[in-house]
Every structure is written in structure tokens, then in C-alpha cells.
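First up is the structure itself, then whatever we jot down about it.
The values are calculated or read from the model by the stated rules, or taken from the named source; none is laboratory data. This one's a predicted model, so the numbers in the text were calculated from it and none came from an experiment. Cβ coordinates were reconstructed from backbone atoms using ideal geometry, including for glycine residues, and neighbour counts include every protein chain displayed. What goes into the accessible areas is simple: the full protein's heavy atoms, side chains included, and nothing from ligands, DNA or RNA. Shrake-Rupley method; radii C 1.70, N 1.55, O 1.52, S 1.80 Å.
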Amino acid sequence: MKLAVVGATGLVGTEILEVLAEHNFPYSELLLVASERSVGKQIEYKGKKYPVIGLADAVAAKPEIAIFSAGGDTSLEWAPKFAEAGTYVIDNSSAWRMDPNKKLVVPEINAKEISKNDKIIANPNCSTIQMVLALEPLRQRYGIKRIVVSTYQSVTGTGKAAVDQMMAERAGETPTMVYPHKIDMNVLPHIDVFQSNGYTKEEMKMINETKKIFSDDTINVTATTVRIPTIGGHSEAVNVEFKVDFDLAEVRSLLESAPGVIVQDDPANFIYPMPITAHKKDDVFVGRLRRDESQPNTLNMWIVADNLRKGAATNAVQIAEYLLENKLV
Ligand code: 2RA
């Protein structure tokens, strides 16, 4: 089974390789693919050096699976070419997520929707993945009317240049600005571009992708997404109104038995999810569970996950594992 990683030199691409190694993902040949300027570079992976190849050569090799993290433009141009060659493309960009003919997959929720015809599969936005994974067991049990989410997102979500800006500011050096403002010792209520409705693209992604993944346009969602000067993961304060009342002990039990979710909720002992403890982990961490006493049937929760892991690389690798396990490749 030939496997291609497209965008292998980026933050997410590097994380994809780490996750593939940790999961001992089976392949007969590994193709590391990047833009022309990186062709010829060597990447060491599991003790072996691999040459970086270009996209045209990768398509010609006809890999069974290609995991993309190379931006929307590259995906729009090249994912169809791989699909035409029979490759399953698992794409981390936003290019295909809202395409009505493409599946938007969090394996624990809707991998079963994937068929042999789905040659381009979209990986949801990182901030969406961690939220819907934690909400899924509660949606199944209580039904969801409305979600209000505020996020606290790591600079790693923007990429290496943003991490470099933060670290330069922290060191008192002159940074190369990625953000419109200083990020260290600051927060930016601004992720991606502002839309005509006053929301940012990131906020609209959370709203629209949540409805698609849950296959339920009746769920009302509103979001405020914020960039904070940290690495290690995205954090989210979620207020969710259910269709019926709930029992807090049952909520905890449902979350504790949910695949891919770990409950860390013992505030008396200062136990709650944090980016520094979620970093490099594949799970989604949930805590601060408490009833919203201001309105019926409503729960507050705090959700943290490593955005480069379950928010991108791990989710994509899990989709690839699903394809193998279900003999779609
Ligand atoms: C971000 N979720 O955090 C977006 C894309 N990775 O910037």
C-alpha cells in the first residue's frame, strides 16, 4: 500500500509523520510530497532518509492513500488528479469541507458514511473536531438545540511563522509579523478573515461544519474564535442547550465511555484540561462540567485538544486506518 503525505514539510505534515510512526501505520512505500522549492530535500523518518518529491511525480506513482496538508489552492488543483488516479485523498484544508458531494469525517462520529466512491474526504477544522467529538455522546442521548462556543486557539493553528512571531516577541527580538498585532501577552479575537456578517471565517467554519458533521441544520450554533499566545492545543468554553433535561452524573459517565474522549474534571484538586497537558496527545480532554443555572437543559463544559493531533494529523490518520480496516483500500 503506497501512502503519500502531501505538505510533508509543514507543521501538520510533520505531525502526520509522527502519528503514522506512533500508530505503526502499515505501508509498502512512503511518498513525501511538497512544493517544488522543497523537492530534493531529505526528510528523516523512522531512521530512514526520504527524498521530497513533487506533486506530479506523486500522482504518477498512484498511491492508494494521500494525506494532504498543503493549503486549499493546492488541494483544489491536485486532489482531483490523485482521485482520478484512484487515490483516496484525506484533505486537511477547508477546500472540500462544505462541498455537498464530499464527506466531512470525524471517524468516531461518521466514518461509516465513507464509501468506495468517496475519493476526496475532508478533515474538519481543528476547532470543530474537538468540539463535536465531545458533544457526540451527549447529542445522541439528549439531542442538541443550541451551542455557544468561545475558543482559545494556539498559534500553532496558524503555522510555524506564527509560533516564530510569538517566540521572537517573547525574547524581546524584532518579530516577522504574521498577525496584525503583537500576540505575546495579548489575545486576538480574529482568526482568518472577517465576513460581511461580522463573523470570521473560522467562526463560520465551526458553525457550518458542526451542522454538516451532525447532519442536523436545526442545531443553532454561534462561535467566537480567539487566538492566544500558547502552543500545545486549542481550548474551548462550550455552552450546550439540550432538547431534554440531563443528569450531570450521566453526562460524566457518557463522556468517560466515549471513544477518543478523556474526562479531567476534579476542580477541587485543580484537575481540568489544559494545552500543556493535552500537547502531543491524540485524545480530546473534557472538564469543568457544570449545569448552566441560568437556563434549563443547558450544560457548560471545557474542551481541550492538541490541534495538530486530533485537530488534524491524528484525525486524518484515523480516517486512513478506517479505510484499511474496512478494506476500502
Ligand atoms: C487555526 N483552526 O487555528 C485554524 C486552522 N488551523 O488557525
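In this structure, is E169 open to solvent by less than 30 Å² (accessible area, probe 1.4 Å), within 12 Å of the ligand (Cβ to nearest atom) and part of a helix (DSSP H, G or I)? No: the conditions fail for E169. When segment 276-312 is examined, which residues are found to be touching a strand residue (DSSP E or B) at 6+ places or on another chain (Cβ under 8 Å) and over 19 Å from L255 (Cα atoms)? If the condition is that a residue be touching a strand residue (DSSP E or B) at 6+ places or on another chain (Cβ under 8 Å) and over 19 Å from L255 (Cα atoms), then Q295, N307 are the ones that fit. Counting only residues that are open to solvent by 30 Å² or more (accessible area, probe 1.4 Å), of a type in the set (G, A, S) and assigned to a helix (DSSP H, G or I), segment 1-40 holds 1 of them. Does H181 qualify as being within 16 Å of the ligand (Cβ to nearest atom), part of a loop (DSSP other than H, G, I, E, B) and under 27 Å from E241 (Cα atoms)? Judged against the criteria, H181 is not a match.
Among the residues making up segment 133-174, those that are among the hydroxyl-bearing types (S, T, Y) and in contact (Cβ under 8 Å) with a residue 60 or more places away in the chain are Y142, S150, T151, Y152, S154, T156, T158.
Taking the conditions exactly as written (at pLDDT 95 or above and within 26 Å of K280 (Cα to Cα)), does V148 satisfy them or not?
No, not satisfied.
Just checking, does segment 267-277 include any residue being open to solvent by less than 70 Å² (accessible area, probe 1.4 Å), in contact with a helix residue (DSSP H, G or I) (Cβ under 7 Å, 6 or more places away or on another chain), farther than 20 Å from P107 by Cβ and not in a loop (DSSP other than H, G, I, E, B)?
First pass over segment 267-277, keeping only residues open to solvent by less than 70 Å² (accessible area, probe 1.4 Å): 267, 273-275, 277.
In the following step, the residues that additionally are in contact with a helix residue (DSSP H, G or I) (Cβ under 7 Å, 6 or more places away or on another chain) were identified as none.
There is no residue in segment 267-277 that is open to solvent by less than 70 Å² (accessible area, probe 1.4 Å), in contact with a helix residue (DSSP H, G or I) (Cβ under 7 Å, 6 or more places away or on another chain), farther than 20 Å from P107 by Cβ and not in a loop (DSSP other than H, G, I, E, B).
Looking at V148, V163, V155, can you tell me which residue is within 14 Å of the ligand (Cβ to nearest atom) and open to solvent by 10 Å² or more (accessible area, probe 1.4 Å)?
After applying the criteria, what remains is V163.
Here is a yes/no grid of residues against (1) open to solvent by 70 Å² or more (accessible area, probe 1.4 Å); (2) touching a His at 6+ places or on another chain (Cβ under 7 Å); (3) assigned to a helix (DSSP H, G or I):
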| residue | (1), (2), (3) |
| --- | --- |
| K211 | no, no, yes |
| P229 | no, no, no |
| E236 | no, no, no |
| V244 | no, no, no |
| I262 | no, no, no |
| K281 | yes, no, no |
| G287 | no, no, no |
| M301 | no, no, no |
